[in-house]
Amino acid sequence: MSSNTFDKLNFLTETIIVQHSRKAYSNKGIAACIKYENNFFLRHLNLKKKDVIEFGCGAFPSSLGIKKEKWPNNFIATDTSPKVLKIAKSFDRRPIYKIINLEKKIKLNKKFDYLIIKGVLHHTKNPTKILSKLKRYLKKDGAIIISEPNLSSILGNLLKWFFRYFLNYSMETSPYGQYSYEKISSSVKRAKLRIEKKWYSVLILLPLSGNYGRIKILPDSLILFKIFIIVEDLFYKIFNFLNLTKFLNFKLNLIVKK
C-alpha cells in the first residue's frame, strides 16, 4: 500500500470520527452509552493513583465516565490528529492530551501502570511491532488493555454483511481490515507478552445507537438509552453465564502483561 493511499485512508478515518462525535454528543443518550462502555471496559482495573496512557483515543477518550474518586494519578490521552484531540478535550478536559503516532517513534520519559489501545490495533500494519514497542513503557506489574472487534460474533458478522450488501456501507475504515483473535494472540506471543484476561462486551448498545451515533437510528434520548443500558447489563450477565458472549457480543477485550 502506497503512503499516499494510506494518508487518504487516515484522512477518511479522521473525517468519520469528527462527524461521528458531533452526532454522538449532540444530546445525552448516546453519551451515556459511551460512558457505560468505558466503565465496563475498565472495570477490572484499579485506576486510583495509577499512571495511565491511551493511544488512539479518538474523540471519546476512555477517561469519559471515570468518576472523580477513581481518577488515576495521571491520564494521558493521545491521537495522531490535532483536530480529533481538540474535540476530545471539549468532552473531557481532565486528561493530558498529546500527539503520538504509534507507527512512528514514540518518545516518553516515564513508564505506566496501564496502556490502553481501544479499537486501534487493527489500524496498525504490524501489531507485533506495536506491542513490542509499547511494552517498553510498562511498569513491572503493568498491563496493556486492548479492545478490538470480535470476529467470532455471529451477530456482528451479520450486521457487517447487511450494511455492506444492502446499504453499500462499511463499518470499518482501517486499511488492513479487522484482526481475528488468533492473529492478535499470535502477535501478543511474538511480542513476548501474555494474555492474562479475556472477555467480550457490547451487544444491543452498538446497533441501537447506530455505532454510538455514526448512523442515526433512534432519537438521542437519555431516558431511552438508560433503559437500553439496563437491558445491556442484564443480557451480558445472562449470556456470560451461558458462555455465549463470544458468539454474540461485538467487542473482544484483553488484559496483556509481560
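Checking the structure you have, find out if any residue of segment 78-91 is surrounded by 15 or more Cβ atoms within 10 Å (Cβ to Cβ), closer than 17 Å to Tyr137 by Cβ, aliphatic (A, V, I, L, M) and in contact with a helix residue (DSSP H, G or I) (Cβ under 7 Å, 6 or more places away or on another chain).
No, segment 78-91 contains no residue that is surrounded by 15 or more Cβ atoms within 10 Å (Cβ to Cβ), closer than 17 Å to Tyr137 by Cβ, aliphatic (A, V, I, L, M) and in contact with a helix residue (DSSP H, G or I) (Cβ under 7 Å, 6 or more places away or on another chain).
When residues of segment 63-91 are filtered for being within 16 Å of the chain's Cα centre (by Cα), under 20 Å from Cys33 (Cβ atoms) and assigned to a loop (DSSP other than H, G, I, E, B), how many remain?
Going through segment 63-91 one residue at a time, the tally reaches 4.
Can you tell me which residue among Ser147, Ser153 is at pLDDT 95 or above, crowded, with 19+ Cβ neighbours inside 10 Å and touching a Gly at 6+ places or on another chain (Cβ under 8 Å)?
Ser147
Return the only residue of Pro175, Pro207 being farther than 19 Å from Phe41 by Cα and under 20 Å from the mean Cα position of the chain (by Cα). Break it down into steps so the answer makes sense when it comes.
On the way: Pro207 fails: farther than 19 Å from Phe41 by Cα.
After ruling out the rest, the residue left standing is Pro175.
Within segment 173-189, can you find the residues that are part of a loop (DSSP other than H, G, I, E, B) and either free of Cβ contacts under 8 Å to residues at least 40 places away in the same chain or in contact with a Gly (Cβ under 6 Å, 6 or more places away or on another chain) (or both)?
Passing the criteria: only Ser180.
The values are calculated or read from the model by the stated rules, or taken from the named source; none is laboratory data. Treat the numbers as computed from the prediction; the structure is a model and nothing was measured. Glycine also receives a Cβ, built like all others from the backbone with ideal geometry; neighbour counts cover every protein chain displayed.
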